[in-house]
Every structure is written in C-alpha cells, then in structure tokens.
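Student: This is the structure, below, for whatever I ask next.
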Amino acid sequence: MTHPRPVLPGLLDTEAIRKDFPVLDREIHDGKRLVYLDNAATSQKPRQVIDALSGYYERHNANVHRGVHVLAEEATALYEGARDKVAAFVNAPSRNEVIFTKNASESLNLVANMLGWADEPYKVDERTEIVITEMEHHSNIVPWQLLAQRTGAKLKWFGLTDEGRLDLSAIDEVITERTKIVSFTLVSNILGTHNPVEAIVRRAQEVGALVCIDASQAAPHMTLDVQALQADFVAFTGHKMCGPTGIGVLWGRQELLEDLPPFLGGGEMIETVSMHSSTYAPAPHKFEAGTPPVAQAVGLGAAVDYLSAIGMDAIAAHEHAITGYALERLSAIPGLRFIGPESVEDRGAAISFALGDIHPHDVGQVLDELGIAVRVGHHCARPVCLRYGIPATTRASFYLYSTPAEVDALADGLEHVRNFFG
Amino acid sequence: MYQDVILDHYKHPHGRGLRDGDAEVHHVNPTCGDEITLRVRLDGDTVADVSYDGQGCSISQASASVLNELLVGKDIAEARRVQEAFLELMQSKGQLTPDDAMEELLEDAVAFAGVSKYPARVKCALLSWMAWKDATGQALEEKTA
C-alpha cells in the first residue's frame, strides 16, 4: 500500500520469469490475483516443464530399457538424458550415482532400508546409533524410527536453540564411535534454517559414520554440489524445483551403491533371474525396480535446464533479497513472532511465524480470501512445534518468481487478519 | 465463512472451562492440532452442563461455544436432534440451505453453513459436537451400569 519499498539488490527479472509460469496469472476469489507463497510445499511449473511432459507423451512415449523399436530407444535416451542433467546439476562424479525415486521421502526410506539389510561394515544393530535432528521433516524422522525399532539401534538427535538453529554444543556426545549414520536437513522446511554441514560431516567422518543429507529445501534454491558437501547420500524431490510430482532423486557415493543391498526387487534391477536366485544390475538400476517415472524424469530434466539457464547463484541471491525484505516487513507487525532465525544469514526462503494468539488456520483462511496462498499447520515437522510450544505455524515461502509486491501483499494481509480477529 | 455470530462466539465463548461432569472425553483434530477436553453432566434426561477446554482455530472454539449455548438445558433426545441436524449441515458441502425447521432447531449454529464449503475446516466445526456425542454416550453407560 503506502509502505516505501527499499531498492533490493540482486533481484531477478521477475516480470520475464513470471511469464513462464501460466498459473501465476490466475485470478481467484472473484478477480484477486494469486499471490503464491507456498513454495516450500511445492513450486509452480514453467511452460518449459509442462511442454516437456506433454511432448514426451505426444511423441516419444514407450517403456524404457526394453524393446528395440524407435520409441523405446527415444524414451530410454530421454530418461537417461535426464539422469545426465541431474548428475551435472548436483556435480555428481558419476551419472551412475543418481537414482530416480518417487520423491525425497522414498529416497530417505531407500537409504534406511539399504542399511537395514546391510552386512558389516554398514550393519545397523542394537550396538549402534542413528543420529538425526529435532528440525527434521517427518520423512527424515520416521524411516529412522522404523530402522531403529527393527534393528534395536538407538535413535539420537540434535536439539534446537531458542533462535531456531541446531544445538551442536554436545556434538561429540551425540555423534559417537557407535554412530553408523547421521541424517539431517540442509535447510529446514519449517524454520528456514540453513544448517552448518561442515561441522557435522567432520565429526561423522571422525567416527566413521555415514552422512545422509535431506536437500529437499536446498536443491531448488541454491547451488547443490554433492562433492563439496562431502556427504554419502543426498536426497531431494523434483516437484519443489519446478519439476513434476512423482520424481525424486537419491544421490549416493558409487562404492556405497555397489556394496549396499537392493531394497525393492522387480524388473529393471536385475542381471539374471532363475527360480532360485537372482543377480543384480549395477547402480543406479539396482535401486530402480519396475517401470520408472519416465515422463516425470524428463520433466525434471527440463526443470534442471530451466533453473540452470537462470543460474542457481542468481536464484539464491534473489531469494536472499526477498527473504530479507520479508523479515523486515513482517517484524514490523505487532504481535508477530518468528519461529526460526530472525536474520537473513544462513537461512532459506521459508519463514514461519505466529501472529498473536490467532490460530494459523484462521490466518491462512483470511489470507486465502485475499488471494494469498500460505501454508498453515505443523509442516510435517511436529517436533519443532512441540519444541517451541505452539500448535502450528503460518509459513510463507518464496521462490525465483516471488516479488517485493507479493511480500507487501502478505504484510498488508496480515495487518488485515489482525484487525479482523482483533 | 467468518459470520459475525461465529466471531462473536470466538471472542466471547459461552460456558468455557471445565466443571463437574459424568463423563470426560479428549478429542483432537490431527490435521490442524485442534484439541478439546469436554465433560457432560446429565440430570435425569436433561443435559445439565457441557463444560470444555481446549485450543484451536476460531471455528472450533466458536462451535464449542454454540454447542454449550444450544444443548445445555435440553433433554437428551432433543439435544441429539440438534446434533444430528448440525452434522447434516456440516456434511452438506455448501449445498444445503437450511429451511425454517432447521433454522429453528440450530439457532446460532446455522451460521456455520458457510464452513461446510471448506472441507479442511468441517472437522474443526464438528470437533466439539463429536466430543459431546461421545461423552454423552459414555455418561449414559455410566448411569445404566
């Protein structure tokens, strides 16, 4: 409205970018322009990705890795081409380290189940420990709880500071000689916190533990370099990074993928099968049983092309500016309390908050009536809500097409919510 | 959705707070974390008191307040008719326009008709009513046991 907007450095040309996203033109609730601030849940899709999906089905559809006809070869080339694109996107040393899954949850479950069936030196049992953190998405908690329950391993976790950061003060007691795996999120989906990877990886390597990183909230927003991270596994999902739903990625170090046992059995993952036993295809196919999500992989490849053309560093700079502006505008709203870091340093583009004692579902509903889409609830991270003594939060999350005007719409909308329930 | 009646009940709830009862239940709505603890006290065939405490959104809180206002003092059969009519209204997906008989039965609760258009919020509105039904059943079992 009347708020003087400062000049924000590093913004992308959102006017051009938004033209690529048909849904951003939508009007809802009698002519209100959609303000989509639920990007941590899923991103919108550019025309280039939508065209890749429909183009695949219109011209190339066939099953992959079987058949010698033209369509089968084209579909295989497109599917494997998407793997090349993803491998380059995360700077993987080898394309064979990129496993396509359904989503990040499946990727994380796959790691837990590889270890659940592994022999020494990876074997997880009652003498070993699994380490996670209190800020994990349920998809990086429950698979490890299941693994711990089934093997007798002990599940431990890093707690959180009042500022919404990992409490690593007792890192040597949390990660010990008994630790077999440390799994944590690179960027929190609820707090927005960007975690210090180096310190955790260093300690894990000291004790010989494997490191698994949930990069679901990082891969869409910044340069992701699996070699620089020095992790053993990195999981993320396609639909949060302009790709379709139904496609996720697990990157794993080659020698681990060779050593660890398969989880799902079926077509595609085998070398030879007899009625008595089978031998397995090399990774990544060893971990891709059955017909894979071919069109979705092709769509993810198109998404990676789209993001790379804009540049991940440029996207990160844009979101840094937008997030900083949003923190500034929201902090001026009386009664608003951030759940997560209040400064823009080491933080992603998701901002959770409480607005007085107005329930987040009421906040979200009234914002929706204004055309503003935010997420309300526990964001599949209920332990965080318990930690900060709140039933739920309201979360606004930004992406490469988010604008300062949308931040203004949110801030004005929250003032309206306050008056409405005040 | 947010009728003045609903906002009024939310800001000035009727009968809030826990008092003596014949049965107590605790219901939660896991999708949004709404919680209610509700007690029913019966006096013969009459709903002598419905007391409650909890946390949640304006819809769940206002709905509990309306329930208290409507059901306390009614005989159980009549209270059940109100509960069933409210359930029917909330499950109508916005398709039901309450007739005169329903309006007379539901009084302030008619204001929740708009909520039925929002599937995510129907559970909020029904939370206290389902808790009341559950608690009343338990209280009656206690009496006949």
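Student: Looking only at region A:378-387, count every residue that is more than 12 Å from chain B (Cβ to nearest Cβ) and touching a Gly at 6+ places or on another chain (Cβ under 9 Å) and tell me the total.
Tutor: 2
Student: Please verify whether region A:302-313 includes one or more residues that are more than 30 Å from A:V344 (Cα to Cα) and either at pLDDT 95 or above or open to solvent by less than 10 Å² (accessible area, probe 1.4 Å) (or both).
Tutor: Within region A:302-313 (the criterion being more than 30 Å from A:V344 (Cα to Cα) and either at pLDDT 95 or above or open to solvent by less than 10 Å² (accessible area, probe 1.4 Å) (or both)), the answer is yes, since at least one residue qualifies.
Student: Mind listing just one residue for me: the one in region A:378-422 that is of a type in the set (A, V, I, L, M) and open to solvent by 10 Å² or more (accessible area, probe 1.4 Å) and, of those, farthest from B:Q3 (Cα to Cα)?
Tutor: Of the residues in region A:378-422, the ones of a type in the set (A, V, I, L, M) are A:381, A:384, A:386, A:390, A:392, A:396, A:400, A:405, A:407, A:409-411, A:414, A:417.
Narrowing further to those that are open to solvent by 10 Å² or more (accessible area, probe 1.4 Å): A:386, A:390, A:405, A:409.
Values: A:L386: 32, A:I390: 26, A:A405: 30, A:A409: 24 Å.
Filtering region A:378-422 for residues that are of a type in the set (A, V, I, L, M) and open to solvent by 10 Å² or more (accessible area, probe 1.4 Å), the one farthest from B:Q3 (Cα to Cα) comes out as A:L386.
Student: Please go through region A:217-250 and give me each residue that is open to solvent by 10 Å² or more (accessible area, probe 1.4 Å) and within 15 Å of A:L108 (Cβ to Cβ), ordered by number.
Tutor: Those that are open to solvent by 10 Å² or more (accessible area, probe 1.4 Å) and within 15 Å of A:L108 (Cβ to Cβ): A:Q217, A:D232, A:K240.
Student: Also, quick follow-up: Just to verify a result, which residue in region B:1-28, among those that are within 14 Å of chain A (Cβ to nearest Cβ) and in a loop (DSSP other than H, G, I, E, B), is nearest to B:G137 (Cα to Cα)?
Tutor: Among those that are within 14 Å of chain A (Cβ to nearest Cβ) and in a loop (DSSP other than H, G, I, E, B), it is B:P13.
Student: Which of the residues that make up region A:270-298 are of a type outside the set (S, T, Y) and under 16 Å from A:T76 (Cβ atoms)?
Tutor: A:A281, A:P284, A:H285, A:E288, A:G290, A:P292, A:P293, A:V294, A:A295, A:Q296, A:A297, A:V298
Student: Additional query: Which of the residues spanning region A:191-209 are touching a Lys or Arg at 6+ places or on another chain (Cβ under 7 Å) and aliphatic (A, V, I, L, M)? Even if it seems obvious, please write down each step before you answer.
Tutor: At the first step, the residues of region A:191-209 found to be touching a Lys or Arg at 6+ places or on another chain (Cβ under 7 Å) are A:192-194, A:209.
Residue satisfying the conditions is A:A209 alone.
Student: Hey, could you check region A:137-160 for residues that are β-branched (V, I, T) and within 16 Å of A:L108 (Cα to Cα) and say which is most open to solvent (accessible area, probe 1.4 Å)?
Tutor: The qualifying residue most open to solvent (accessible area, probe 1.4 Å) is A:V142.
Student: Considering region B:29-47 alone, what residues qualify as being within 14 Å of another protein chain (Cβ to nearest Cβ) and touching a residue at least 12 places away in the same chain (Cβ under 8 Å)?
Tutor: If the condition is that a residue be within 14 Å of another protein chain (Cβ to nearest Cβ) and touching a residue at least 12 places away in the same chain (Cβ under 8 Å), then B:N29, B:T31, B:C32, B:G33, B:D34, B:E35, B:I36 are the ones that fit.
Student: In addition: Taking into account only those residues within region A:232-258 that are part of a loop (DSSP other than H, G, I, E, B) and under 16 Å from the mean Cα position of the chain (by Cα), which is nearest to A:S397 (Cα to Cα)?
Tutor: Result: A:C242.
Yes/no per residue for (1) assigned to a loop (DSSP other than H, G, I, E, B); (2) open to solvent by less than 70 Å² (accessible area, probe 1.4 Å); (3) touching a Phe, Trp or Tyr at 6+ places or on another chain (Cβ under 6 Å):
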| position | (1), (2), (3) |
| --- | --- |
| A:A16 | no, yes, no |
| A:D30 | yes, no, no |
| A:A40 | yes, yes, no |
| A:K45 | yes, yes, no |
| A:V49 | no, yes, no |
| A:V64 | yes, yes, yes |
| A:V68 | yes, no, no |
| A:L78 | no, yes, no |
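Student: Sticking with this structure for a sec: Hey, among the residues in region B:54-73 that are open to solvent by 10 Å² or more (accessible area, probe 1.4 Å) and more than 14 Å from chain A (Cβ to nearest Cβ), which one's farthest from B:T144 (Cα to Cα)?
Tutor: Step one: filter region B:54-73 for residues open to solvent by 10 Å² or more (accessible area, probe 1.4 Å), giving B:54-56, B:61, B:68-69, B:72-73.
Cutting the leftovers down to more than 14 Å from chain A (Cβ to nearest Cβ) gives us B:68-69, B:72-73.
Details: B:N68: 24, B:E69: 27, B:V72: 21, B:G73: 21 Å.
Ranking the qualifying residues of region B:54-73, first place goes to B:E69.
Student: Can you spot a residue in region A:90-105 that is within 17 Å of A:A289 (Cα to Cα), part of a loop (DSSP other than H, G, I, E, B) and not aliphatic (A, V, I, L, M)? Step through it out loud before you land on a result.
Tutor: Here is the first cut: in region A:90-105, the ones within 17 Å of A:A289 (Cα to Cα) are A:96-105.
Filter once more, so that each one left must be part of a loop (DSSP other than H, G, I, E, B): A:102-103.
The next check asks that each one be not aliphatic (A, V, I, L, M); those that pass are A:102-103.
Yes, region A:90-105 contains a residue that is within 17 Å of A:A289 (Cα to Cα), part of a loop (DSSP other than H, G, I, E, B) and not aliphatic (A, V, I, L, M).
Student: Output the number of residues of region A:338-377 satisfying the condition of being within 14 Å of another protein chain (Cβ to nearest Cβ) and open to solvent by 30 Å² or more (accessible area, probe 1.4 Å).
Tutor: Residues flagged as within 14 Å of another protein chain (Cβ to nearest Cβ) and open to solvent by 30 Å² or more (accessible area, probe 1.4 Å) within region A:338-377 amount to 7.
The values are calculated or read from the model by the stated rules, or taken from the named source; none is laboratory data. Predicted model, so just to flag it, every value in this text is computed and none were measured. Positions of Cβ are generated from backbone atoms using ideal geometry, with glycine treated the same way; all protein chains shown enter the neighbour counts. Note: areas computed on protein heavy atoms with side chains; ligands, DNA, RNA excluded. Shrake-Rupley method; radii C 1.70, N 1.55, O 1.52, S 1.80 Å.
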